[in-house]
Structure formats: structure tokens, C-alpha cells
Amino acid sequence: MKLGQLLSLESADILPPEFAEALAVLRASADTMPPSQVRRMLGREYGKGWEGRFREFNFEPVASASIGQVHAAVAADGRRLALKIQYPGVARSIESDVDNVASLLRLAKLLPVDLDVSGIIAEAKHQLRQEAEYLLEAQSLRRYRMLVADDPGLLVPGVHDDLTTRRILAMDFVDGEEIESLAAPGTPQGPRDAAGYTLERLVFRELFEFRFMQTDPNFANYRMLPDSGRIALLDFGSTRELPQALVERYTRIVRAVLAGDRTAVRSGAIEIGYLPKEESDERARGVVDLIFAVCEPLRHAGPYDFGRSTLPSRVRDIGLDLAFRRGFLHAPPPETVFLHRKLVGSFLLCARLRARVDTHALIQEIIGPG
């Protein structure tokens, strides 16, 4: 499920349209627990007489995902709630599930045999174990709500501690539309650009200011509030504390890209771990080319048109050339994998919305002129 959700974010430049459409079903749907199983989970977490805690409880989930499903409810005191209830046994199966996915990728030859992904697999297990701990997610949600409190374009639901446990997360219920509704024909450019600006600014603040990032860019995690134009952020199971040293390295490499300094970009790539120190000049040039390519929106003067960009296919071609013609098989540092997922997912969401954003001015506003 997680693999399908990740792949479903990719654009048609990377996946065949039919494949992408089939995978997209996974982003917001999964096999659901029957009411009897939901009742058992509620009884296990809340104890006997759990029904007295609620005035209303809808056993039909409003959303289903990889490790749990969300139910609408009204607490006994009238609070409107969204309850995320974890599937039984998910936490116990993480180790074997990740190992099985890695084996599947090897057997399907989707990963080169010589590529060492042991660090990435360990990172994936750590991240999924964290996602299965809803008390940790509650902490992340509260922290994130405070971090973005000064941004009028964003809404983060509050946590209800009296109804939150390790396997059930109780939050404010948020009414809204799928954010992709902005991509509907006839939607004015202004709202699409405003949403893209809000999303890109958020990513830059997460990385360079908060040093704390929600790393799951699944489109279903964003909702549009039509009345106010705000974007609601809904899922904080996959969050990451970013070490200050890593953030400083990214700051240096971004400034080097903006300055067009290839030598400094190569040094930054070595610092982060994208490039071995003793790599050949040819392969190093390929990695530097790739970094400059993925940073194209930051280097572009004026509004960058995400909807018309051919960047995903060009990056794909550079990466394939680097891996198969030049023989550069070097897994990215494990601590960067989920950061990459957020950066790529945010780009593809802006592309889906056909947003135009002056990311060059935005990144200079966040990190300063250098």
C-alpha cells in the first residue's frame, strides 16, 4: 500500500497513464475494517462502555489508507471529531512487510542488484514504526499546529487528548474538498497559484526554518476549504526532525546552485553524501548536472509554470544516463529519502494544480540572499 501510494504521486512523464491511474486509487482507499472489527478496536482502546463517549459514531469510514481508517464522530459533549483508527496487527507486521517489499523490488528488477539499500530499508522501518504510534503523531500534530499558526493560508486540526490512545487519534473534523478540485476545468489561475505558493513556502519553511517536516506528500493529506481559501493539513504520522548540520548543508548547496557555482555544488554534494569524495570527474559532473536540474524552479527568474514543466522527464533521463551509461549506482543518504519524497511530491502537486509560483524569490526570502 505504501509503495502504491508513493508511486501514484508520479507524473505521466514517469509512469504510463493507465498505471498511474490504477495506483492513484490507493491514495485514499483501501480494504476497510467491518463494523464488528471497529467495535473491537474501540473497546480495546477505550474500555467497556466506550459508546457513552459519543453522541454519534459513523461506522462507514470517511477515508482509508495504509495503516488505518478515519471515522467521523460526535463526542458526548458535542465536539465534531475525526478518529483515525489503526488496523489490528499493523505495528507487528512492519518489519516483515518492508523486507517483503524490498525482496519484491529486487525480484522485479526495479532495483539494481548492486545498489545497497540497507540503510534506506532501515529508515523505512523506523518511519513506519513511528507512523504506527499515534501518541507520537499527536505530539507532531500539536507541534506543527504551533509552527504554522502565523500562516493564514494553513489550517492544522487540533488534537483531543481525552480520546487519543496509541492506536486511535482523535482530531478536529475538517470539512473541505480534495485539493485537486482546484485543477478542475474553469478554475481561475489565481486560486491555483495561491495554493501553489502556500505549499512551496511551507516546504521551504519546514526545511530551512522549522527543521521539522511532514514527509508524506500524499495528495489526500491536503484539503481545500473553499470558503476561506485555506489549505488543511491532515496527516502527521510521517514527520522528520532535520538535524541542523544537514539543513546548513542544504542551505549551502542551494546558495551554490543559485550562484551557478558548480565547484561549490560538487563540494556540497560530497558533504551531504550524494557523491563519494573520490568519485571520477565524469560521474561527479553527472551528479552536479542532476542537482542543477532538480533545482530548476529555484533558478528560474519569475513565476515557474509547474503545469507546463517537463522537468520530471528530463530528470528521469539524466538519472537513467547517470546510472546505466556512466555506472553511478550510489543510494542517497538514508536520512534524505523522506525529505526527497516531500520535495518531489510537492512539485508534482503544484504540477497537478497547474500552479505558477515565483520559487526563486520565495527561496531567497526564506534562506536570505547568501
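Within a Cβ distance under 13 Å of Asp321, other residues only, what is the Lys/Arg minus Asp/Glu net charge? It would help to have the intermediate numbers written out before the result.
Numbers: positive: Arg283, Arg285, Arg314, Arg316, Arg325, Arg326; negative: Glu282, Asp289, Asp317.
Spelling it out: positives minus negatives among the neighbours equals +3.
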The chain, relative contact order in percent, only Cα pairs under 8 angstrom and at least six apart counted: 17 percent
Mean Cβ neighbour count within 10 Å, used as a protection proxy, ranking 69-80, 131-142 highest first: 131-142, 69-80
Cβ-derived FRET efficiency at R0 30 Å, Arg142 paired with Asp227, nearest 0.05: 0.75
Cα radius of gyration and Dmax for segment 174-370 (Å): 17.3, 56
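What number, rounded to the nearest 500 deg cm²/dmol, is the helix-based mean residue ellipticity at 222 nm of the chain, given -39500 (n - 2.57) per DSSP H run of at least four residues and division by all its residues? Walk me through the intermediate numbers first.
Numbers: 14 runs with 170 residues, N = 370.
Counting only the DSSP helices, I get -14500 deg cm²/dmol.
Based on a Kirkwood Rh over C-alpha pairs, give the Stokes-Einstein translational diffusion coefficient of segment 257-335 at 20 °C and viscosity 1.002 mPa s in µm²/s. Kindly include the intermediate steps, with their values, before the conclusion.
Details: Rh = 13.4 Å.
Here the translational diffusion coefficient equals 159 µm²/s.
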Two-decimal log10 I(q)/I(0) for segment 324-370, as the Debye equation yields it once each C-alpha is a single scatterer, q = 0.34 Å⁻¹: -1.09
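Starting from the coordinates of the alpha-carbon atoms of the chain, obtain the Kirkwood hydrodynamic radius over all distinct pairs and give the value in Å to one decimal.
Values: mean 1/r = 0.0455 Å⁻¹.
That comes to 22.0 Å for the chain.
Let's test the formula: R0 of 56 Å, r as the Cβ-Cβ distance of Leu320 and Arg40. What FRET efficiency results, to the nearest 0.05?
Details: r = 49 Å, r/R0 = 0.87.
The value I calculate is 0.70.
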Principal axes of segment 176-224: Cα extent on each, largest first, Å: 37, 20, 13
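Laboratory data are not the source of any read-out in this text; all were calculated from the coordinates shown. All values derive from a computational prediction rather than experimental measurement. Using ideal geometry, Cβ is built from the backbone for each residue, glycine included, and neighbour counts are taken over all protein chains shown.
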